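Structure first, then comments.
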Protein chains: 2
Amino acid sequence: MYDVARLAGVSHQTVSRVINNHGNVRDATRERVLEAMAQLDYRPNALARGLASRRSRTIGVLCFDTRLYGPGSTLHAIERHARAQGYSVTITNVDDLGREPIRRAIESFADRSVDGLIVIAPHDSAAIAVRAAPSGVPTVAVEASIDDTVATVSVNQISGAAMATEHLLERGYQRIWHLAGPADWPEAQERVEGWRKALTQAGLPAVGLLRGDWSPASGLELASQLIGNADAVFVANDQMALGVLRALAKAGIDVPNEMGVVGFDDIPEAGYFMPALTTIRQDFDEVGRRGLQTLMGMIDGKPPDAELQQRVEPTLVVRETTR
Amino acid sequence: MYDVARLAGVSHQTVSRVINNHGNVRDATRERVLEAMAQLDYRPNALARGLASRRSRTIGVLCFDTRLYGPGSTLHAIERHARAQGYSVTITNVDDLGREPIRRAIESFADRSVDGLIVIAPHDSAAIAVRAAPSGVPTVAVEASIDDTVATVSVNQISGAAMATEHLLERGYQRIWHLAGPADWPEAQERVEGWRKALTQAGLPAVGLLRGDWSPASGLELASQLIGNADAVFVANDQMALGVLRALAKAGIDVPNEMGVVGFDDIPEAGYFMPALTTIRQDFDEVGRRGLQTLMGMIDGKPPDAELQQRVEPTLVVRETTR
DNA sequence: GCACAAACTGATATCGCTAACATCACGGTG
DNA sequence: CACCGTGATGTTAGCGATATCAGTTTGTGC
């Protein structure tokens, strides 16, 4: 920086002003500085800027296994939008959902002076850990249902689940079971709630709740319990639905005529299952975008929005597993 | 830090020595310092440490869409192992594969003083960009076939493709076609090469090369050309294979008896396709692990390994799409 | 032509740490 | 007993930028 200043015949402080677009620099001066910067191929050191300005222009993303479709897509969206705003993204995956590892991860972000934190928190323990976060760093949770103390952006699971169930009802299915995710995942719980609500509203009893673990294997295994008892099933994610389809095919049950199936997520493969899966699409990109936008607002010290808990509406994608 | 020093009755430099485990601190002194740190809940500022020591303990990962299964898994492995060694991970996705955006991304990493860089570079343009990288930062490419100037860790695509093709030959298929990925992806090219090699070795002509774009849609579309011409197909990834399976089912062709199918990747869903997909498993975790290990060696100034180009061997997973 | 505010520019102190060298006590050596 | 090496600690400079305030031009109104 001092070299640039010398070459341009100004002080280093003027160079700093040019870099940061602080006003009050004469055009001619700015030109000279920019030229000197180009000539010396000068690039400001982000660490030093962060240290002096107390803004690192970095955000942290805490995730639980980005290999999963939802979190991976959300992360991708966050990174893309963050970069567009000049922020870089540091990630940490927490494999152990215990409280202590999460606390450590958040502290480690704070040590690195991130300006903000996004937690992709599809699990209860994450919610607890975020609330307990000691960091003082602006934080937004996505794909989570956290209490009112934390800003949140998530897909409306309840309406998605209700949408799925209502679709099955419309198509004339009566005994609609639900293959749910693990009980300690808020989104699993909300999907159960949406399913229950839709059935109750239709005057039907919400019996027939199965618990899987999100894996195709669990769908495969639990599907046997549907046969003879249900004529449709709303499955809490597409992967389990794949397992269910396979089990039904093996059992010689005709989908969609003998059994309707609706999934959740709309993973890229869903349209090519056999039969192609009717499912609920979650707009993870939108979740990531809104999450980042909210965080940026908090970083810039805007008053928290009226809407602390933002919901993105999912959409129904009808394919071949419902008649 | 000065507060800690005062409380412990030592100089700040001694506190620094304790933090960094530099020897030459009496046990009693170290104890006092640690206690003071605990009492004040002191946490060193990573930015300042990086600035002063010229080591940020951060690595950058440059990726091309982490939503894909391979890159996502590799990233996950890299992050996990990096964290275990006290490094944090900053990511950038490059959507535009042009040379300029990649150069910018690499420069941006350099500006942030990353100690090392891992490029998940499944595409030709990435290879070019990495070679042109001006950064002076230790760099490792993974999932790439870069020339000899850059350290690389990748799955051996050629042997994987040969393995797939030989498996089909063993099972008695004769007219074995290949549905390849885009020509500007090195791994697509290497899979073509492996397929060709295996057929040539068996004294068969390598005719029947189709080009898809990795998507299930392209598999679905191109599968029609197989019918009547091939009795087996080696598909360059599992997603296209899904499309192929769907097309074959629609056409009433029996898999595996009338047509054998082998995929590549072993995505989590592959075992639940209908029929379950025989495929080649890539150990992305191992790729990530070795990539990080190599990078750490370079950062610590070890002489570059004899093996600049490391290869991880894939494995064949036999399921139901081959008889 | 002059006062005075506004627009520029510069000097110095910091940000929170590590590097490098200086200092000091202590015990062993010839 | 002077001398020296060694381990433990302290002192002083940076790392590469921004913040703050002071100083110097410049422009404007009368």
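The values are calculated or read from the model by the stated rules, or taken from the named source; none is laboratory data. Note that the coordinates shown come from a computational prediction; the quantities given were computed from them, not determined experimentally. Every residue, glycine among them, receives a Cβ derived from its backbone with ideal geometry; neighbour counts consider all protein chains shown.
Assorted remarks:
- Helices (runs of 4 or more DSSP H) lying entirely in segment A:1-73 (those with 2 or more residues that are away from DNA strand D (no atom under 14 Å from the Cβ)): A:27-40
- Every residue from segment A:259-296 that is within 12 Å of the chain's Cα centre (by Cα), not in a loop (DSSP other than H, G, I, E, B) and not charged (D, E, K, R): A:Phe284, A:Val287, A:Gly288, A:Gly291, A:Leu292
- Condition check for B:Ile120: more than 11 Å from chain A (Cβ to nearest Cβ), surrounded by 17 or more Cβ atoms within 10 Å (Cβ to Cβ), within 24 Å of A:Pro268 (Cα to Cα) and at pLDDT 90 or above: yes
- Here A:Thr200 fulfils each of the conditions (1) surrounded by fewer than 22 Cβ atoms within 10 Å (Cβ to Cβ); (2) at pLDDT below 95 apart from (2).
- Per the listing B:Glu100, B:Glu143, the residue uniquely more than 14 Å from chain A (Cβ to nearest Cβ), of a type in the set (Asp, Glu) and either over 18 Å from the mean Cα position of the chain (by Cα) or within 23 Å of A:Leu51 (Cα to Cα) (or both) is B:Glu100.
- Restricting attention to segment B:219-239 and to residues that are facing chain A (nearest Cβ under 10 Å) and buried (at least 24 other Cβ atoms within 10 Å of the Cβ), the residue that is nearest to B:Ala180 (Cα to Cα) turns out to be B:Gly219.
- Within segment B:251-289, restricting attention to residues that are of a type in the set (Asp, Glu) and surrounded by fewer than 20 Cβ atoms within 10 Å (Cβ to Cβ), the residue that is farthest from the other protein chains (Cβ to nearest Cβ) is B:Glu258.
- Given (1) of a type in the set (D, E, K, R); (2) within 15 Å of DNA strand D (Cβ to nearest atom); (3) crowded, with 23+ Cβ neighbours inside 10 Å, index of the condition A:Glu79 fails: (2)
- Verdict on A:Ser53 being facing chain B (nearest Cβ under 10 Å), out of contact with any Leu (no Cβ under 8 Å at 6 or more places or on another chain) and among the polar types (S, T, N, Q): no
- Qualifying positions in segment B:42-56 - free of Cβ contacts under 8 Å to residues at least 40 places away in the same chain and over 26 Å from B:Val137 (Cα atoms): B:Arg43
- Residues located in segment B:1-41, provided they are near DNA strand C (Cβ under 8 Å from one of its atoms) and either under 21 Å from B:Arg83 (Cα atoms) or touching a residue at least 60 places away in the same chain (Cβ under 8 Å) (or both): B:Ile19, B:Asn20
- Test: residue in segment A:277-295 that is out of contact with any Ser or Thr (no Cβ under 9 Å at 6 or more places or on another chain) and without any contact (Cβ under 8 Å) to a residue 12 or more places away in the chain: no
- Note on segment A:11-48: among residues that are under 40 Å from the mean Cα position of the chain (by Cα) and at positive phi, the one that is farthest from the other protein chains (Cβ to nearest Cβ) is A:Asn21.
- Options B:Leu47, B:Leu68, B:Leu62; residue that is crowded, with 18+ Cβ neighbours inside 10 Å and in contact with a Gly (Cβ under 7 Å, 6 or more places away or on another chain): B:Leu47
- Scanning segment A:57-86 for residues that are within 29 Å of A:His12 (Cβ to Cβ) and away from DNA strand C (no atom under 16 Å from the Cβ), we see that the one that is farthest from the other protein chains (Cβ to nearest Cβ) is A:Gln85.
- The lone criterion from (1) closer than 24 Å to B:Ile128 by Cβ; (2) within 16 Å of DNA strand C (Cβ to nearest atom); (3) not acidic (Asp, Glu) left unmet by B:Arg54 is number (1).
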